[in-house]
Every structure is written in C-alpha cells, then in structure tokens.
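None of the figures in this text is laboratory data; all of them are computed from the coordinates on show. These numbers were taken from a predicted model, which means no experiment stands behind them. Virtual Cβ from ideal backbone geometry, glycine too; neighbours counted across all protein chains shown.
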Amino acid sequence: MKTSQIEGKKSGISQPTAIPEVAAGMAAECGARALLYRLLSAVFVEEASAEFLSAMRTPEMLEQLAEVGIGFDADFTAAPLAELVDTLAVEYASLFAASGGFPPVESVRLYGRYRHEPNFEVMQTYQRLGFVLQPGRHEVFADQLGVELMFIAELLERQAEALAKGDLIASRKLEKEIKRFWSRHLGRWVRGYARLIERAAMHSFYREMARFLRGFAEEEIAALGLHIEDADGARLEVPKAEVQEAADPQKPGCTSDAAPPGRQGIRRLQDLRLPSVPD
Amino acid sequence: MMEMTKLNRRTFLKVSAATGAAAAVAPRLLKAMELELAGKDVSPVSGVQRKAVPITCHFCNIQDGAIAYLENDRVVKLEGNPEHVSTRGRLCPKGNSGMWYSYDPDRILYPLKRVGKRGEGKWKRITWDEALTEVAAKLDEALKEDPNTIVLKYGRNRTGGVLDRFMQTLGSDSIINHTSVCESSKKVGMEPAWGPDIETPDFANTKYVLNFGSNVLEASYFHNPLSQRVAEGRVDNHMKIVTFDVRLSNTAGFSDEWIPVHPGTDGAVALAIGHVILREDLQDSEFINTWTNVTVDELKEHYKQFTPEWAEKISGVPAATIERIAIEFATTKPATIFTYRGPAKHLYGSYNEKACMMLPVMTGNIERRGGYCLPRGMSWPQPKPEPPKPAKHAYMNKHHHPLYPLASHGVSHLLPFHIADGTMKVNVYFTYQDNPVYTNPGARAVWGKVLSDETLVPFFVSMSSHMGEETALADIILPDCPYLERWEPESMPNSLWPWLGIRQPVHKSLGESRENRILMRDIIWKLDPDGSRGMRKYWEFKDGEDYMRHHFDNIPGLKEAGGLDFLKKHGVWPIYGKLDPRTGKIVDKTGREIRAEYGLYKKELSEEEMAGAIIDENGLITKNGKAIGIQRNGKNYVGFATPNRLINVRVDEWAKYGFNPMPTFKRIPWHETMREDEMILTTFKLNVHKQSRSAAVKWLAEIAHSNPAWINTETAKKIGVKTGDLVRVESKVGYLVTKAYVTEGIHPKAIAIPTAFGHWEYGRLATLKLKEKKPEWSHGQEDPDFNNVWWDDKGVHPNDIIPAIADPIGGSQAWFDTVVKVTKAGPNDKYGDVVADWDRHVEAFKEGLRYAYTGDLHRKMHPEMAHWKGPEEAGHESEGSHL
C-alpha cells in the first residue's frame, strides 16, 4: 500500500492529500473492513435471521471463511435453515441473553455488572459523532459487542467516503476515533471474551464466529498499531507472543501491510474480501 | 538546648490526657460527611454533587426511606433518607447493596420462552409482542373454561393493588399470597384481639422488654427502624431486655438475659408469666375491666391453670425465673413485649402469639409511651374505575381456605397439594416476586414437582427479574424490574409516626424489562385492544407515574404540599422535622425530638361523628350499622378496630370452630413423643440476607455464603460431632447433609440452620456454578467480579426436608416443629446432599389436615372444648381434600 503526503501551502498548514489511486485503495480497504465489522456485529447483536444465515452459508462465504481457518461443523452447514434459525436462537439466548450466560456487554466483562462506565462512555462517543442508538428486534446496551462493532463499521464507511473524496484530514480524524475506540473499549475486552465464547459455545457457528472475532480483533489491533491490554477476565490466557507491536507513524493507512507474528490460521485483513452481507 | 523527652506510646497517651480542654476548643472544620451532607453526596473523584433520587427501599419488606445517588445515570450509592421519620437516614447492609439487583449480569432483561423440557434451562428470547400474544391466547382459553383456573401467586407484593386489579379484571378469585410461610399466625393471633395484625413496641421509651423469639437487631419485621429504637431504649432509657429464644441470636446476645426455651413453648412461658402477674394482683384492673371483653376475675380464674411449674415442665425455663421475670415486667413501667417468628411459626402459633400479647394487655401497657402500641399507617385511593370482585369464589385464595376458616391471610403453602389433588384446577399460573420452589416447605420436592408437571400446571408465566428456582421452571418469563426501576406507593407501620412514600425509578429500566403495572396493563390491552370486553377501562393509564398520580394527587394534606411531585422530591410525606446529626433523632425547630401520639383508642369521637349514632347497653357506638366507637365512663371513644371496639381476650369466633377462645397453649403432639436422640429443626435469617433473593448480591454473598447447622455442645458430644464435621439431618420426609457448628448458643434439643443459602438457581453467584471445574455451557464464567469469589461453599438449603404443616387457626407453616434425627454423616454422605420425597410430603400434609377444625385430631387436642358440637356449629360443610 502506497501513501503520500503533500505539504499544502494554504495558511502555512500542511494539507495532506492523497494520490487518487492510493486513496481509492485505502477506501476500498476501509469498505472491506466495514463489511467484516458488520458481519461480526450481526452475529453478536441479536439472534441470526434466516436471511443472514443464508448469506453465511453461501459456498463463496464458506470458502472464504475456510481459507482463513474458520470451519463450521455440519450442525451449521447441513441443518435445514428453519431448524438452524431456531437452534441458533436458543444458543444465542443461552450464551448471550439468558441468566447465567455471558452477556456480550463491555460493562459486564470489565466491571462485572451492567450499565457501568463503558456504557456511558460509548454512549457519549456515539453522540459526539452524531449517532443515536435505536432498538433493533431487541433493546441492547450501548456497550453491547454488536453495537460497538457496528459503530466501527459506521466510522469505516465514513472513512471510506472521505477517502473517496480525497479528504485525508477527515480520514485521519476518523482513523483516530477508531483507534481511540479500540484502545478504550473493544480492544480491552473483545479478545478475552471471544476466547470464552469459543470454549463455551455448543454450536459450531458461535464457536467459529468467536474464533473469527478473536482473530479479527488481533489483526485489527496490530494493523492499527496499538498496544492494548486485554483487560477481560480471560486475559491471563493471552499468549505473550500475541502482544502487538507499536504503531508506525509512517503508516497512516487503515492497516499495516505486514501481519504481526505469532498468529496462525488467521489471514491478514486484505485477504478477506467478503461478499456484501445484510446487517 | 533542651532535650526532648523520649516519647513512647505510654508517654504520648499521658500527654493526650492533658490535651482534652485544648482539643475541645480547637477549630473543627471537618465533619463526618454522611451526617453533614444528609441527603446529598459528592463524587470522591470529581467532587461533583451526585444526583439524589429519594426512594423507598425494597430489598426486604421493612420499607426504609432511602436515597439513590447517581453518577452518569447509574446508581453508585444507596443511603438512608434523612427526612424519613421511621428510618432516619439509616439503611441496613442489604439496603446499601440494592443496586446489585439492577446491574446483576444474571438479571433477566428480555422476555424468554422455554425451549425443551421444563427446568432444562434452555430459552429463546422473544419479543414483548410475541410474549404478550401467547400469554393472552392462553388466558383467553382459560377464561372460556373458568376464570378461576387463572392462578396468580405472589411473594412480595408492594404494587399497591395492581395484582388484585389484574386478577379482578380477569374475573379470577385465585390470587394467592405468601403470608402463611411468613407471619400469618402472628397476624391471626392479634387481629381478632385488637384489630390490626401487628404491634409497634415503643422501644425507645420503654423500661422493660420481653422479647419472644424475635431477632429484631438482625432480621425480623421492621428491623432497621426498630433496632434503632432498641439501641436508644437501652442507651438513653436504660431499659432491660429479656429474650426467649432457642438460639443465642445477636438480639439475644444484646439482651440482659437470654433464656433458652424448648422449641415451640414460648406461649406456655407467656401464660405462666401472666399467671404470676394475676396471682400477685399486679395487673392493671382498670384497663382490663374498661377496655377488654373479660373481667379481671374471669382472667384470674382462667390463668390459674398456667402455673410456673407447669410451664417449667414444658419449656425448661425454671419456675423461679418465670416468677422473677413476671414480677419485673409487671412492676416496671412502661414495659412492652415483642414477638416475631419464634412463637408464631408452630402448629398452634396463633395461640402462642395471643398468649404473649396478653402480657401488655393485662398490665395496661397498651398505647402508652414506652408501651405496646398500635401500628400507624396511611392509605391511598385506587385509580377509578375499579374492577368488581370476581363472581365466583376459588377453592382457596389469599384470604380463604375452607379447611382453615380463621386463617384470614390464607394458607398458601398448601397450594401444591391442592393443585395435585385437583381442588385447584390450573390453566394459567402466574408468579410474581415469589420463589416457593426454594422458600416454601417441601421446596423442590413439593413445589418443584408440581410446577414441573405440565399436566397439573399447563402454562406457567413468571414475572421476574431473576432466574430463581421457580422462574427456572416457567414457560414464559416476563422480565420485571427490580425495585430501583419501579413506581410503587408505600406506607408501612414501622414506627410511631405514619407516613406515605413512593418508590420511583431512578433511571430507565434496563434492557426490555417492564415494571409490573405496565406489563399487566399490556397483557390486558392485548386481551382487550379496543375495550369491547370491558377490561381495558381499568387500565387506562399512560405509565407508572400517571398511575401514581391517581394514588397521591388528591390526598388531603399531601395534595396541598404538592401531591406526587412532593413525594418525587422527598420520597416521603409528611416531613415531621429535621434529622439531628448529633443524636440521630428527628427534631422540631427548637431541637427537641418530635413526640409520637399515644392513646389512639382513646381519641374521642366528635359531635359530627356522633350525629345519628346509636349506643347500645355495652357502650358500643354504631352509625349506619357500623361500629364506630365505644362509650366508657361517659365518654365516646373511638376504641379498638374490632367489631366490639374492645380488646378481645376471649375470641368468640374461635370457639365456633372448636378452638379455645381464651389464651391457651397446646404442645406440639409429636414433640411430646420425641425420642432421646431426636431434635427439633429451626431456621433463621442472618442480618445480610433475606429469604431467597439476596444470594445473588455480591457484597452480601461475600459476607455470608454458607450455613452450617448450629448444634449445642452437649448434644454434639453425644453424637460425636465437632465444628466442621458433616452431619446428616433426617426428618420424616427426607434428609440433608451439612456441616456442624458446635456452640453453647443453642438449646440442646434444637438444631438451627440459617436460610438463604444452598441455591441451585438464582444465577452464578448464588449457585457458585462459576466454581465448578467442569464447564457448564449454560452457565457463564470468568466475569471479572466472579474472579474475586474466594469461597467455594454455597451452603445447604433445609426446606426440602421440612414438611408442610399449617396452624389450624392462623394457617402459618409450622416451620419450627420438624423433628429430626441428627447423626454424624456416614461414608456415603456428601456435603450438600438433599433428598426428599413427594409421597412422604403428601403423607405429612394429610397428617397436618387432621389438626384442622374438620380433622379427627382437632377435638382430641381440645378437650376443654367438649361442648363444641363440631364443624356443623360453624355452619360450614367439611370440605376435604381429595388426596
């Protein structure tokens, strides 16, 4: 990935501009990442719909996921759709929505209770950036995993738009917001949480999507050049080898080219070009 | 250069002795924040004043005035409301922990529908509309057959009338409470005697207290407000307190004397104390002759039989002790008594309660400063229109059971047997803030069995915020709000000053939970969307606040103060004075403590009230056919809230059913035939827990999470047990294996196990499933707070092995009458084993019915009532159970 920074003359302030083809590439990458965020958001924000599961079970999708090491069992690939919708709804409730499960909520993961600091912090962030949380099929907390992922997807889509217009200032601002959000929120809990769900899930869909989430989170943290402690309850199980490298200030793009060492079975982001998935 | 004396701790302290005067006049700029701020609070981090929302606590049922402090729209602290006259700015440990109900990660936030077998633990999240549609459809079917097949059983109902409104809207009479596992025999012991179902002892101003079986400093009714007054009475008024209890509770330990009694015999001791008082002519004759329905002579004659020697044989309390206590009590003025579960939770609990109550009556300590006072409360109007009462009576409900006609608070704990035998047909079963599968006698062996059976309970809806043992068996769960998110009217007679209060939501309810009045409204709206069925008109309110306005905006006095808006701001009305942070008392503008009003029964009727009234030969004043007062010594008093406006020492209604109308005592028949190696099982509550719900509260679970069985040192030696050893406790319906706690602080014939432990549901903390090595997919692990759970003992719950027996008068569960054999655990016994059997429970239930007024043992237990003609005299047909 090539980037360029040209000094602007106006008002003595340097104005970065993008070489059009580079910006287009960056925009495409942001768009691709946004799709991944939307995909994961859809998995965790509420029970999977028949349409979503149909899209997930297309041969192209399964093939691409298989390429990055995500392999579902027959309980996902071979079950009749209606039955699958029902089975996964029960699994979703057990894992995420009923008493005794693992609420996918940052406040719970980091503070052991609902409606704590993260909930209000993310709400303020959403508001500051012009978002309002509306109920979907169900009402969810602002710091619910699916909402946090959805938020990044929104920002990435904005970033892609900015890049398409050649507005690198806006793009950088958005990138900073994404990094800040990862540093303060997603990055602090999502890896440990994903590891927990991998172990707890009875159905291969949630087990594998949790694996995917973990790998994706590690990839994003590395790509964004962040050092974030996994503060979730499962953090002690994070191998030292997975500690991410520092950000490279010379790489202002959405991701870095090189995948960090120590991660097997998870491909780099730019290898994942997923078809459009309903959210 | 002057050499400094070498200072050590001793010399420092010597210096301090001389500094007193100087220190006293030194500037004091810092004061205890809680006292000084009283009603305000600041963030220790930002220094910003926190938002304060006054509420009425509902962790347990004392209804303390509280304030929720919020930062970022989140409760960070709960404290007492300093404007509340009863609780005066104090809140107990439970109240301080109340926010954990709201923020508990195991809280139910969405409507859930059962998947798979009942109790399997598999759920599907559904929308409110789906849930309401399904519930409405089932109700529709039930309504076609018989509205009474819709049953609603509640545990704690502070809705202010919403549950009754709901059931009456549906036309069902099958509304069942929980009071028979609580205190119904105490209530029934008192109500026919003087009207209300509870007393208010004026502890703060008394000189002497006889405490029968109450642990008021820790757990009993009105614990917080009354324990404050107990401390004041002890410190400020130098009162003496004598506690009769099988166990050295913290209240007994605080008392001047702890007198261990043989379980279930407090009533005999009380009668013997009465005997001495009357024998020694220490009674208040004027009060008895003027304000009761017996004469002193009648009373003396009746009490002759209850000698201290007689009581000693039964209770183990030495006759000389009874003599001494009786004389101290009668000659110390003012004096009062207090009772709670100790006397009442027995086969003849109402007799015991009445026997205790007679002591302040015969000594004239009624409604006097420092005496035994009537409860003070306030009421509120219901929104109009109100649905009519159901057209047809159910077999049993919260006020009625055909075999227990005097049990005016119902006999709810017998419900599963009546569901099983078909006398209570169920099509739809609702539960609200209840958990009998855990809290009732028989627990899972009885309630668990019946509620799991879809042929007996075809459709089961739980309105609950948490997955308790009962809710875990439901078909549909409608997520209710914990108390910090509800609107509710309140008034509780927990001090000598009446008050009205509210609970108000401190913030929006979490997830999709809905407070009870809203979800019930939504069910009715689903059933009757356009009002054509005549149901919707009773539920035309916008939200909880709108409903509250109907209650509070037109109450004289409160209306002028601002109605609901006043309550939203202050939480309570009236404000009697200001909390003095130095004394902790409510004071007037001059700094003097506000005084309570005494002698309520001696309030004279006004001319207006007397206009058109009739006075009969007994002095009873009636108006429009209703008794309004009593004439005594030429004055027209309001009297007591009984039909004859007197205290009824003789309760004639009891005689109609073959019960002794005069104060009496009955031994528990099966206690008389106990073998040497048998004991009596009692249960109790700790100060940081309530019946069922508190095990999920982190702060409290850390303080108390296990419940070894208290066994007397002497008894333990006999069975070869020391503290920590496993013991097997076996009753006639099952057995459990638990740990022993060997102590001198319990009667040698009693074994005591605290409740609120040993949960198998109620979330991860209560069940400690997070500690189980084998991962259970349905139970989460590793949230960061749970990493701090250092304990691995959740305790053992005793209720499975306690049979369901009802007091034939008051209807109470005989919690403290279970005979058990306690042995050292065998090689195959494991800690936490609980085995109980439905069939044996049914046998025990049938045995209990034999003591009902229709039962064959009733007459045998009442030889003094030989003149009673039998059930026909009461004009009731015997309605047997079909089991």
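Mean per-residue shielding of peptide A:111-124 is 5, counting Cβ atoms of other chains within 10 Å of each Cβ.
Summarising the strand pairing of the protein assembly as shown, around 60 percent of its internal DSSP beta bridges are antiparallel. Taking 25 Å as the straight-line reach from the Cα of residue B:589, the lysines in range (excluding those fewer than 8 positions away in the same chain) are B:31, B:40, B:559, B:568, B:569, B:578.
For a test of the definition: using alpha carbon positions, the gyration tensor, and the 1.5 limit on a/c, classify chain B as rounded, prolate or oblate.
Details: a/c = 1.13, a/b = 1.01, b/c = 1.12.
Verdict is rounded for chain B.
Taking amide H as placed 1.01 Å from N in the peptide plane, residue B:430 has its amide H under 5 Å from the amide H of B:151, B:152, B:153, B:461, each at least 5 places away in sequence or on another chain. Only aspartates and glutamates eight or more places from residue B:345 in sequence, or on another chain, were considered; those with a Cα closer than 14 Å are B:183, B:245, B:266, B:353, B:807, B:817.
Do any trypsin sites (Lys or Arg not before Pro) in the stretch A:137-225 lie in a loop, going by DSSP, with at most 15 other beta-carbon atoms within 10 Å of their beta carbon, and if so which?
On the way: sites: A:137, A:158, A:165, A:172, A:173, A:176, A:179, A:180, A:184, A:188, A:191, A:195, A:199, A:207, A:211, A:214; in loops: A:137, A:165.
Loop-located and lightly packed - A:137, A:165.
Given a cut-off of 18 Å, name the pairs among B:187/B:869; B:603/B:635; B:718/B:821; B:354/B:666; B:113/B:769; B:749/B:821 whose C-alpha atoms lie farther apart than that in the structure shown. Over 18 Å apart, Cα to Cα: B:187/B:869; B:113/B:769. The lysines within cross-link reach of residue B:117, meaning a Cα-to-Cα straight distance under 17 Å and a gap of 8 or more places when in the same chain, are B:449. Residues in the stretch B:480-488 carry Karplus couplings, in order, of 7, 8, x, 5, 6, 10, 10, 9, 7 Hz; the curve used is 6.51 cos²θ - 1.76 cosθ + 1.60 with θ = phi - 60°, and Gly or Pro positions show x.
Going down the table (B:698/B:794; B:186/B:313; B:313/B:732), which pairs top 22 Å between alpha carbons?
In this structure, B:186/B:313; B:313/B:732 lie more than 22 Å apart at Cα.
Classify the stretch B:451-546 as rounded, prolate or oblate, taking a ≥ b ≥ c as the square roots of the eigenvalues of its Cα gyration tensor: rounded when a/c is under 1.5, otherwise prolate if a/b is larger than b/c and oblate if not. Show your work: numbers first, answer last.
Values: a/c = 1.86, a/b = 1.26, b/c = 1.48.
Oblate, because a/c is 1.5 or more while a/b does not exceed b/c.
In which sequence would B:395, B:762 go, from the one with the fewest C-beta neighbours within 10 Å to the one with the most? All intermediate terms of the calculation are to be shown ahead of the outcome.
Numbers: B:395 18, B:762 25.
Lowest to highest Cβ neighbour count: B:395, B:762.
Starting from the Cα gyration tensor of the stretch B:184-373, take the square roots of the eigenvalues, sort them a ≥ b ≥ c, and report rounded, prolate or oblate (rounded when a/c is under 1.5, otherwise prolate if a/b is larger than b/c, else oblate). Cα axes put the stretch B:184-373 in the rounded bin. As a proxy for reagent exposure, ranking B:223, A:116 by other Cβ atoms within 10 Å from fewest up yields A:116, B:223.
Restricting to chain B, compute how many DSSP beta bridges are antiparallel as a %, nearest 5. Intermediate results must be reported in sequence, preceding the final value.
Details: 60 of 100 bridges.
Close to 60 percent.
Taking N as the number of residues in the stretch B:669-838, what is its alpha-carbon radius of gyration divided by 2.2 N^0.38 Å? Don't skip to the end; give the middle numbers.
On the way: Rg = 16.9 Å, N = 170, 2.2 N^0.38 = 15.5 Å.
So the stretch B:669-838 has a normalised radius of gyration of 1.09.
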